[in-house]
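The values are calculated or read from the model by the stated rules, or taken from the named source; none is laboratory data. Since this is a predicted model, take the numbers as computed values, not measurements. In this analysis, Cβ positions are derived from the backbone assuming ideal geometry, glycine residues included, and neighbour counts consider all displayed protein chains. Note: areas computed on protein heavy atoms with side chains; ligands, DNA, RNA excluded. Shrake-Rupley method; radii C 1.70, N 1.55, O 1.52, S 1.80 Å.
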Amino acid sequence: MGDSYIILKTTALKNGSLRHDIHYWIGKDTSQDESGTAAILTVELDAALGGRAVQYREIQGNETDKFLSYFRPCIMPQPGGVASGFKHVEVNEQEHETRLYVPFARSSLNHDDIFILDTKSKIFQFNGSNSSIQERAKALEVVQYIKDTFHEGKCEVAAVEDGRLMADAEAGEFWGFFGGFAPLPRRAPVEDNEKYEETVFKLLCFNQGKLEPINYESLLHELLKTNKTTSLQERKSASEAAEKLLSDDNRTKTHVIKVIEGFETVMFKSKFKEWPQTPDLKLSSEDGRGKVAALLKRQGLNVKGLMKAAPAKEEPQAYIDCTGSLQVWRINDKDKILLPSADQSKFYTGDCYIFQYMYPGDDKEECLIGSWFGKKSIEEDRVTAISLASKMVESAKFQAVQTRLYEGKEPIQFFVIFQSFQVFKGGLSSGYKKFIAENGIDDDTYLEDGLALFRIQGSGPENMQAIQVDAAASSLNSSYSYILHDGNTVFTWTGNLTTSLDQEVVERQLDIIKPNSQSRSQKEGSETDQFWSLLGGKSEYPSQKIGRANESDPHLFSCILPKDIFVWVGQQVDVKVRLQALDIGEKFVKLDFLMENLSSETPIFVIMEGSEPTFFTRFFTWDSAKSLMHGNSYQRKLSIVKGGGSPALDKPKRRTPAYSGRSTVQDKSQRSRSMSFSPERVRVRGRSPAFTALAANFESANSRNLSTPPPVVKKLYPKSATPDSSSAPSKSSATASLTGSFDRPKSVKDGSELEKPKQEEDAKEGINTMTSRVESLTINEDVKENEPEDDEGLPVYPYDRLITTAADPVTEIDVTRRETYLSSAEFKDKFGMTKEAFSKLPKWKQNRMKIALQLF
């Protein structure tokens with residue numbers, strides 16, 4: 001506590017460059033000279049590394065989340081100092097000292113925080129009544145550390161809840177260390193943090209040794225002088241000026257973060273009204289690695305291994321078993337049509353599809369349900385696809401992963417599931433046909449005996465696609481191979497930058513697109529006149545090598561991963577909120593919280609707790625035993641800490657999938673993954689009993705593949721999960737409401753057929769409900785005459801009808817701007833400021849205030 005420290009965190013990014021974060025930590029008892037020296041040395045360290053690091057000032061007890069994330073389970077500052085004027089605190093290791101890790105007094109306790117009391121035979125965790133589940137769970141990690149480090153894993157653990165009186169044995173024992181129970185005082189209503197929230201943004205320029213304020217109406221990027229080159233001495237002086245500014249204003253808990261042009265953090269950029277899209281600058285990994293190595297070597301440290309080159313690029317992995325059962329439906333006229341297995345990989349760009357894939361997981365059968373939107377599909381079909389797919393997920397008791405995909409933005413998991421995939425021009429749905437007829441658009445739907453050009457792509461027989469493009473020479477590219485046909489005249493064209501594997505994929509796609517026709521091979525540069533004639537003559541086309549984009553670095557917000565977004569939903573989340581998970585992911589993309597300019601067509605996956613697929617868990621240190629235990633994160637960790645620290649000993653109860661029938665998961669040693677590249681191998685997908693049972697719920701009688709016999713189903717859900725009111729014990733109204741929101745299993749006659757009329761009504765009702773929800777997202781331009789209007793001409797509604805949990809919600813409003821429908825008086829009452837003042841706040845702060853008021 002009497003010292004200051006500098007911490008360098010170097011991260012190797014996926015693009016091969018290095019990112020440096022430098023933190024200087026100031027203990028609460030450190031001297032002002034020492035803290036100032038730490039700030040200056042941090043600037044010098046940054047300069048030695050190339051001047052691109054982000055620098056953070058960390059004050060004991062008010063550290064940034066980024067800094068705290070480096071230390072597991074937490075930092076535990078010690079009294080005294082090293083080689084300074086502070087006296088070392090000697091610890092008697094023979095005798096255990098009872099510690100509270102803050103001053104040992106009742107006055108240290110409060111209702112907002114969590115405290116750990118470490119005694120000789122027991123560790124107490126006191127949970128303030130206002131603390132969150134996440135905070136309590138995190139504190140248990142510290143308890144586990146103390147137990148293992150200072151008690152050799154041999155002591156009791158007790159959780160004491162704020163408000164429990166002496167009647168509770170463990171609470172009584174805890175309060176005994178403080179002389180008995182007495183109520184804790186409430187904190188004053190105004191805190192430092194609240195004062196800080198009201199602070200107006202100020203922009204100051206450090207010029208010739210002085211801080212000069214810059215006046216502005218709106219904080220714009222243009223206010224920063226990007227053409228100014230700063231010297232090392234100027235950066236040191238600016239650091240000293242920042243320290244003095246905080247000292248003069250007595251802002252002891254304020255963070256200081258120093259950023260360099262071109263390497264600004266998202267937090268910094270979010271303060272500005274707009275930030276232009278700029279190319280990411282990067283420091284050469286070899287250059288950065290060398291500077292770090294030289295720096296550490298001068299300190300006498302071993303740098304062996306630090307100069308290793310970055311690993312070579314590898315093909316992306318799917319992390320999903322591709323030997324499962326696939327079923328595909330095409331959307332048509334607010335319904336879905338089951339495709340025969342021969343056509344389930346043939347999609348049209350004007351149509352929408354639903355696919356359902358069931359496959360063996362590590363120890364249970366997994367399910368993936370998705371919707372795919374063609375580039376030219378109509379909105380009505382998209383709404384229907386989302387509605388029907390969501391209904392399937394709900395009937396699977398939310399234990400299936402749901403995804404929403406757009407043509408051209410599919411993740412690798414999609415391609416390896418289908419293995420061979422084709423996208424044709426045009427569409428077959430009645431809605432698409434009607435749309436092009438009403439708008440005078442030519443119907444270019446693919447015809448087998450017509451003229452067509454296909455671009456062939458993929459990494460091998462297990463991941464290959466044929467995409468129909470315009471039949472013109474400008475559609476060619478030297479990095480790809482193509483198939484061109486006009487009736488029975490067939491050509492294959494291979495670009496100069498293709499490989500032998502690309503040519504093998506062409507032959508395989510040719511067997512699907514034109515299986516009974518003889519083809520003529522064309523090599524780039526030696527094409528025949530007939531080939532060019534079919535394409536309308538020669539023309540310019542791209543001939544540069546197309547490189548594969550690097551996998552980006554993951555962030556954990558609602559979990560953003562390389563070109564994908566994962567929304568993870570806890571088991572205890574309300575059913576209504578679960579149904580909104582996909583909308584939440586889309587809203588996250590639209591608002592662009594990370595300022596990465598994400599495409600609105602970015603793939604979104606909705607993951608339910610307990611049903612996490614491997615392609616999600618691979619980004620974490622995942623313990624499936626912990627994830628399968630019941631209860632929230634705090635309850636699970638408390639069970640582990642009390643039980644000896646080994647999750648395996650807790651024998652958690654397994655969650656049985658709602659769609660599970662007889663287990664179809666084979667032993668890993670017996671299951672053969674479909675990864676053979678042998679051209680003689682014919683891959684056949686089978687239907688597992690569980691897959692057939694679930695699929696039967698969504699097939700119409702007139703659309704079932706007649707070659708497949710109707711499934712024999714005795715019970716769709718496990719007995720313990722059946723919502724049967726006649727046998728279930730009485731429940732509270734909330735539980736009954738939750739249970740009632742799930743579809744009940746349909747009755748079965750003679751074990752051969754499921755009743756379907758009610759299902760079809762439910763499906764139509766689901767479509768109507770989803771359509772109403774989507775229609776409500778638009779603002780009604782014709783304001784009703786009898787509704788009051790605000791200054792902007794928008795209708796005004798009361799707060800209790802605008803919140804996300806409203807019992808009688810307003811329809812026909814823009815749900816992303818709920819706050820704009822409040823009256824000026826009610827807006828000021830709720831937000832504590834005018835609408836004009838609110839509009840000038842950064843987007844992130846607006847969103848945080850809206851979340852707190854249930855208007856987000």
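For the reader, a short list of remarks on this structure follows.
- When peptides 534-542, 204-212, 607-615 are ranked by their average number of other Cβ atoms within 10 Å per residue, the highest-first order is 607-615, 534-542, 204-212.
- Pairs from the table (375/590; 253/637; 409/850; 202/845) lying more than 24 angstrom apart at Cα are 253/637; 409/850.
- Put simply, when 325-333, 588-596 are sorted by average Cβ atoms within 10 angstrom per residue, most first, you get 325-333, 588-596.
- Sum of side-chain charges, residue 142 neighbourhood, beta-carbon under 14 Å (Lys, Arg +1; Asp, Glu -1): +1
- Per residue, the convex hull around the alpha carbon atoms of the range 799-853 comes to 77 Å³.
- The range 35-82 and the range 362-399: distance between their alpha carbon centers, rounded to Å: 47 Å
- Computed over protein heavy atoms with a 1.4 Å probe, the carbon and sulfur contribution to the accessible area of the range 799-853 reaches 52%.
- Within the range 332-349, backbone nitrogen closer than 19 Å to the virtual label 7 Å beyond the Cα of residue 379 toward Cβ: 332-335
- Surrounding net charge for residue 211, when Lys and Arg each add one and Asp and Glu each subtract one, Cβ distance under 13 Å: -3
- Förster-model FRET efficiency, 45 Å R0, residue 532 and residue 843, C-beta, rounded to 0.05: 0.30
- Available extension along the chain between residue 40 and residue 434 is 134.8 nm, counting 0.36 nm per residue and deducting the alpha carbon span.
- Nitroxide proxy distance, nm - points 7 Å out along Cα→Cβ at residue 342 and residue 490: 1.6 nm
- Residue 634 accessible area, assembled protein chains, probe 1.4 Å, Å²: 20 Å²
- Overall form of the range 353-438 per C-alpha gyration tensor (a/c, 1.5; a/b vs b/c): oblate
- Only Cα sites of the range 447-543 enter the Debye sum here, all with the same form factor; the resulting log10 I(q)/I(0) across q = 0.14, 0.18, 0.22, 0.23 1/Å is -0.44, -0.75, -1.16, -1.28, listed in q order.
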